[in-house]
Amino acid sequence: MHSEMHKEIVDHLTPILGEATASNMLRHYCAKMQMRADELSAGHLPQLADAMKPMLAVWLGSAGAARVAQELAQLGRGAAAQ
Amino acid sequence: MKSGSVIKPFVLSLIVMPIAFAIVLAAGGRATADRFTDSVFAVMVLMEMVILWRATEARKLFSPTDAGHLTWSLIVGFLFVRLLGECRLLTLTFGLVDAKALESATAIRFFYVVALRYLYTLSDVFFIGALINTVRSYKGTGLKFELVSRDYVYIALVWIIPIVTYFNRANLGLASLTGADSYIPVYRLVAVFVGAIIATMCVAIRRYALQMGGGAVSRVWTSVVIAGIARDASFLALALLSSRWPSGAKFAEQWLLWTFAGCWLIAALRQQEVLPRVPAREYAPA
């Protein structure tokens with residue numbers, strides 16, 4: 001069972017990295033942050049986005065990774081505003 | 001230039017080109033058909049200049065510390081050295097430098113005609129470096145990217161290409177854009193073996209791209225994989241067709257190299273479209 005936030009992040013990353021990589025990557029970082037995917041909330045996003053940068057940089061470069069991380073963090077701010 | 005605007009004309013060209021070749025061959029005979037193939041080659045060299053430019057742009061998306069920077073630097077090196085080789089071949093194809101009577105050639109001309117064809121092999125070494133770095137990058141993420149048993153079958157099939165070419169090596173010197181010479185079969189055998197290494201790595205990267213489950217990055221590497229396999233298949237086409245149909249062999253080789261070039265152009269454009277919405281430098285890390 002995944003949270004809405006989890007789905008939103010996967011949806012954001014899928015056009016770039018593909019659905020499988022987006023899901024695996026998120027699972028990988030949730031495990032690193034010692035939480036379950038269904039516990040993911042807007043408050044976790046800045047830390048999660050920052051942690052993801054090195055792996056994103058593999059495919060997107062540092063600048064692209066920084067940009068996507070910023071967009072992910074903004075997903076959290078958007079959710080918090082709602 | 002967007003990849004979407006290139007794909008349709010490119011696919012169309014792949015269909016139209018053999019039809020045009022057949023018409024030219026039927027109407028004008030073998031010599032005219034060979035000139036048609038030479039023209040396709042000349043246009044392809046122009047396309048390779050554009051590819052080099054677009055690959056240089058793709059490289060700029062990565063900072064020097066990124067794994068992708070090394071990958072795209074090696075790709076730019078590969079395309080640049082290859083383009084040098086293509087310019088050499090252009091001068092030979094259109095008679096600017098005499099490629100015949102090598103036994104009586106000066107040392108410089110012999111070096112130019114025979115030794116410099118190994119520029120292609122050198123360029124392939126850069127390409128292999130790029131592919132190795134890509135495999136390392138995928139593995140380095142710690143995510144699950146691995147070959148499945150089917151891939152080993154594909155790799156075995158890929159290695160049939162150099163083996164079949166080896167057993168048909170007597171045909172390798174029969175057809176060439178510049179006319180046959182006694183040194184070209186050795187070069188082509190080297191090239192087809194190096195090509196098999198490239199194709200093997202392409203099979204691995206194709207698997208990783210599939211395991212990504214779609215996405216823009218996957219599409220970049222799928223294009224590279226098709227390019228790599230088309231290049232290797234061009235040698236197989238030469239080996240299989242040269243003795244029976246030299247004009248057809250030359251054209252088939254050129255058609256596959258056209259496929260190779262088109263896929264590289266699409267790959268370089270797609271790399272730039274992975275994050276299309278705003279210039280990447282606006283997000284450059286502090």
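The residues in region B:125-162 that are of a type in the set (G, A, S), at pLDDT 90 or above and exposed (fewer than 14 other Cβ atoms within 10 Å of the Cβ) can be counted, and the count is 2.
In the condition set (1) over 30 Å from A:P54 (Cβ atoms); (2) more than 19 Å from the chain's Cα centre (by Cα); (3) touching a residue at least 12 places away in the same chain (Cβ under 8 Å), B:K2 is compliant with all but (1).
Once region A:36-58 is narrowed to residues that are part of a helix (DSSP H, G or I) and of a type in the set (G, A, S), the residue that is modelled with the lowest pLDDT is A:A37. Does B:A191 satisfy the condition of being at pLDDT 90 or above, within 20 Å of B:F78 (Cα to Cα) and either in a loop (DSSP other than H, G, I, E, B) or more than 14 Å from chain A (Cβ to nearest Cβ) (or both)? Taking the combined requirement at face value, the residue does not satisfy it. Annotation: B:L147 fulfils all but one of (1) touching a Pro at 6+ places or on another chain (Cβ under 8 Å); (2) not in a helix (DSSP H, G or I); the unmet one is (1). Pairs meeting the criteria (first residue in region B:50-61 and on the phi > 0 side of the Ramachandran plot, second residue among the aliphatic types (A, V, I, L, M), beta carbons under 8 Å, at least 6 apart or on different chains) are lacking.
Residue pairs whose Cβ atoms lie under 9 Å apart, sitting 6 or more positions apart in sequence or on different chains, and linking a residue in region A:10-22 that is farther than 14 Å from B:L275 by Cβ and more than 7 Å from chain B (Cβ to nearest Cβ) to a partner that is among the β-branched types (V, I, T) and assigned to a helix (DSSP H, G or I), are A:A22/A:I9; A:A22/A:V10; A:A22/A:T14; A:A22/A:I16.
Of the residues making up region A:31-52, those that are within 14 Å of chain B (Cβ to nearest Cβ) and surrounded by fewer than 19 Cβ atoms within 10 Å (Cβ to Cβ) number 4. Among the residues examined, B:T37 qualifies as within 19 Å of B:E253 (Cα to Cα), modelled with pLDDT of 95 or more and either among the polar types (S, T, N, Q) or in contact with a strand residue (DSSP E or B) (Cβ under 9 Å, 6 or more places away or on another chain) (or both). Taken over region B:213-235, residues that are within 14 Å of chain A (Cβ to nearest Cβ) and in contact (Cβ under 8 Å) with a residue 12 or more places away in the chain amount to 7. The residue that is surrounded by the most Cβ atoms within 10 Å (Cβ to Cβ), among those in region B:103-124 that are of a type in the set (F, W, Y) and touching a residue at least 40 places away in the same chain (Cβ under 8 Å), is B:Y120.
Pairing residues of region B:245-270 that are basic (K, R) with residues that are outside any helix (DSSP H, G or I), at Cβ distances under 6 Å and at least 6 apart in sequence or on separate chains, gives B:K250/B:A175. B:C87 meets all of the listed conditions (1) surrounded by fewer than 16 Cβ atoms within 10 Å (Cβ to Cβ); (2) over 22 Å from B:F251 (Cα atoms); (3) at pLDDT 95 or above but one, namely (2).
Just to check your reading of the model, which residue among B:A209, B:A199, B:A233, B:A227 is within 17 Å of B:L14 (Cα to Cα) and buried (at least 23 other Cβ atoms within 10 Å of the Cβ)? B:A227 is the lone residue from the list that is within 17 Å of B:L14 (Cα to Cα) and buried (at least 23 other Cβ atoms within 10 Å of the Cβ).
Among the residues here, A:A57 qualifies as closer than 21 Å to B:D66 by Cα, buried (at least 22 other Cβ atoms within 10 Å of the Cβ) and of a type outside the set (D, E).
The values are calculated or read from the model by the stated rules, or taken from the named source; none is laboratory data. Since the model is a prediction, treat every value here as computed from it, not as a measurement. Every residue, glycine among them, receives a Cβ derived from its backbone with ideal geometry; neighbour counts consider all protein chains shown.
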